[in-house]
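These notes are about the structure you will find just below.
Laboratory data are not the source of any read-out in this text; all were calculated from the coordinates shown. Keep in mind the model is a prediction, meaning the values are calculated, not measured. Because the Cβ atoms are built from the backbone with ideal geometry, glycine has one as well, and the counts that use them run over all protein chains shown.
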Amino acid sequence: MTQTDKKNVIIFASGSGSNAQRLLEYFEHHPHIRVAALFSNNPNAYALKRAETFHVPALLFNREEFYKSDRVLQQLAAFKPALIVLAGFLWLVPQQLLQAYPNKIINIHPALLPKYGGKGMHGQHVHAAVLAAGEQESGITIHLIDEEYDKGEFILQERCPVLPQDTPEQLGARVLELEHRCLPLVVEQLLTRQPQA
Ligand code: GRF
């Protein structure tokens, strides 16, 4: 397989991008898969810098471009994405993008969906809600996306314990570690599995 035959993963990230970092690291020297670009809606997203460090193109867009033009679609098409990974991306993905890449856009969520998902359920809000509900376990969900927040077919759920004295930050750190461990492997599996006969 030559360099150009590699499958292209595109990351969408709005914030720190620690999951993006894991993907960039994991696929840096991968024989069949590469991270081809990182897209962000946030000019201050640290994720942009992480991409640049790996010499991966970092592209920024605003709300108007995302929802009212086909600029992002056109930019994406140039990379021929095999998979689009929403890794801490906070905007709802528009219909036209979903239609252009059916079953090729996945999201990672830091809780066991369908609980603790939906609009506003991100970052420490999720972990605070899990603790407030007295849950004994939490975890991650990696899922296909559709036109609603945090819906779509599950690909993987992994669990971790909630400990009695946990703060949202402590639980969040445990969940994030699980995300970092699982996300590259799921991406790799999705892109290397044999097509169904
Ligand atoms: C992760 O917890 C992810 O599940 C959620 O947003 C967070 C992003 O963290 N969707 P990071 O930017 O990858 O550090």
Notebook entry, point to check: Using θ = phi - 60° and the Karplus curve 6.51 cos²θ - 1.76 cosθ + 1.60, what whole-Hz ³J(HN,Hα) does each residue of the range 175-192 get, with Gly and Pro shown as x?
Noted result: 5, 5, 4, 5, 4, 4, 6, 8, 4, x, 5, 5, 4, 4, 5, 4, 8, 10
Item checked: Two-decimal ratio, the range 38-125, of alpha-carbon radius of gyration to 2.2 N^0.38 Å -> 1.14
Note to self: Antiparallel versus total DSSP beta bridges in the range 3-192: what percent is that, nearest 5?
What the structure shows: 40 percent
Next item on the list: Using the Karplus curve 6.51 cos²θ - 1.76 cosθ + 1.60 with θ = phi - 60°, work out ³J(HN,Hα) for each residue of the range 57-71 in order, rounded to whole Hz, and write x for Gly and Pro.
Entry: x, 10, 10, 10, 9, 10, 4, 4, 5, 6, 9, 10, 9, 9, 4
Next item on the list: Pairs of Cα atoms under 8 Å, at least six residues apart: use those to get the relative contact order of the range 3-192, whole percent.
Entry: 19 percent
Checklist line | Percentage of interatomic Cα-Cα distances in the chain larger than 31 Å | finding: 16 percent
Next item on the list: Measure out, as a whole number of angstrom, how far apart the alpha-carbon centroids of the range 125-147 and the range 16-32 sit.
Entry: 24 Å
Item checked: Virtual spin-label span in nm between Cys160 and Asp5, 7 Å along Cα→Cβ -> 3.8 nm
Next item on the list: Would you mind calculating the gained length between Gln96 and Lys115 on full extension (0.36 nm times residue separation, minus the Cα-Cα distance), in nm to one decimal?
Entry: 4.1 nm
Note to self: Are there any GluC sites (Glu not before Pro) in the range 1-64 that are in a DSSP loop and have at most 13 other Cβ atoms within 10 Å? List them by number.
What the structure shows: Glu28
Item checked: Spatially close lysines, pair count over the range 3-192: Cα under 14 Å, gap of eight or more or interchain -> 6
Next item on the list: Please go through the range 112-177 and write out the trypsin sites (Lys or Arg not before Pro) that DSSP classes as loop and that have at most 10 other C-beta atoms within 10 Å.
Entry: Lys119
Notebook entry, point to check: For Glu169 and Lys68 in the same chain, what is the full-extension length gain: residue separation times 0.36 nm, less their Cα-Cα distance, in nm?
Noted result: 32.7 nm
